[in-house]
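The structure appears below as structure tokens.
The values are calculated or read from the model by the stated rules, or taken from the named source; none is laboratory data. What you see is a predicted model, and the numbers here were worked out from it, not measured in a lab. For neighbour counting, all protein chains shown are included, and Cβ atoms are generated from backbone atoms with ideal geometry for every residue, glycine included. Please note that ligands, DNA and RNA were not included when accessible areas were found on the heavy atoms of the full protein model with its side chains. Shrake-Rupley method; radii C 1.70, N 1.55, O 1.52, S 1.80 Å.
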Amino acid sequence: MTTKGKPYLFLAPTLLILAVVTLYPLFYVFWLSLHRRLLIFDISKFIGLENYGFLLRDDRFWNALYNTVYFTAVSVFLELILGLAIAMLLNRGFKGKGIMRSIILVPWVIPTVVSAKMWGWMYNPDFGILNHLLGVNINWLGSPFWALNAAVFVDVWKTTPFVVLLLMARLQTIPVDLYRAARVDGASNWYIFRRITLPLLMPMILIVLIFRTLDAFRVFDVIYVLTGGGPGNTTETLSIYAYKTLFQTLQFGYGSALAVTIFLSVAITTTFYVKLLKRGTE
């Protein structure tokens, strides 16, 4: 074999495994989405794109899509702003910085299901500590508005440390000489942030946005543990709707159409961010 062909030979086993564990399930889910398959009635019939046509007329799908986009946009925005502020604070020299860095990571290391259950108790309207501390009587998980925002708050509380970790790692690689030179020239803190810190942080910010947007768009566990998609499906996201359709009502055809829609949404979002990342590094 020529030297040129050797890399492909070494890559072949990896590509084969990826094809088996990734591409085959993907194509099979798409194939299922073209069927009307109800296991409880033993129905399996090829119907083409009818599931996708029904999906466009399904109010429950549009509500789940709105909840997913709202949850993603608000949580990622807050995590980025808070994460950037905390990372810049922890990047400064002060007494007890090491302890603060350890404490800030605690929410991130707690399993998501445990965090959601813990916050579920705190949100309880009768004996939860939140109403007691705020002196209010809000049914946090019983109101559509408060329930979705309560889930956003839990996600921000849990995932902001991840953003802090990535941004702080990048901040520590920025040469101190750049800041010293800017100070000598009389630059203000705001000018240094806009002209030095932010541009050098931008590639890492885009990576954070990719990770967090994809994760938030596929959100399942936080909302499912807190509300189960309720009250009245008002906090249902696309992942929860697909799960209920697939494994509670056993509509494998329509559930697969929902899963394909989630996959396409994530793929489009990833492509958009990767193009931004490439443009930023050129």
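Structure notes:
- Apart from one condition, residue 13 fits all of (1) within 30 Å of residue 234 (Cβ to Cβ); (2) part of a helix (DSSP H, G or I); the exception is (1).
- Looking across segment 111-155, just one residue is closer than 22 Å to residue 68 by Cβ and among the acidic types (Asp, Glu), and that is 155.
- Each residue in segment 130-142 was checked for being crowded, with 17+ Cβ neighbours inside 10 Å and within 20 Å of residue 229 (Cα to Cα), and 2 of them qualify.
- Only one of 219, 225 that is of a type in the set (A, V, I, L, M) and farther than 13 Å from residue 64 by Cα: 225
- In segment 104-129, the residue that is most open to solvent (accessible area, probe 1.4 Å) out of those that are within 22 Å of residue 85 (Cβ to Cβ) and either in contact with a Pro (Cβ under 8 Å, 6 or more places away or on another chain) or not hydrophobic (A, V, I, L, M, F, W, C) (or both) is 108.
- Those helices (runs of 4 or more DSSP H) of segment 16-111 in which 3 or more residues are in contact with a Leu (Cβ under 7 Å, 6 or more places away or on another chain) and within 30 Å of residue 241 (Cα to Cα) occupy 59-90.
- Checking the stated criteria, residue 108 turns out not to satisfy the condition of being of a type in the set (Phe, Trp, Tyr) and closer than 17 Å to residue 227 by Cβ.
Listed here are the residues, each with its yes/no results for (1) acidic (Asp, Glu); (2) touching a helix residue (DSSP H, G or I) at 6+ places or on another chain (Cβ under 8 Å); (3) loosely packed, with under 13 Cβ neighbours inside 10 Å.
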{"residue": "18", "(1), (2), (3)": "no, no, yes"}
{"residue": "23", "(1), (2), (3)": "no, no, yes"}
{"residue": "37", "(1), (2), (3)": "no, yes, no"}
{"residue": "52", "(1), (2), (3)": "no, yes, no"}
{"residue": "62", "(1), (2), (3)": "no, no, yes"}
{"residue": "65", "(1), (2), (3)": "no, yes, no"}
{"residue": "79", "(1), (2), (3)": "yes, yes, no"}
{"residue": "90", "(1), (2), (3)": "no, yes, no"}
{"residue": "95", "(1), (2), (3)": "no, no, yes"}
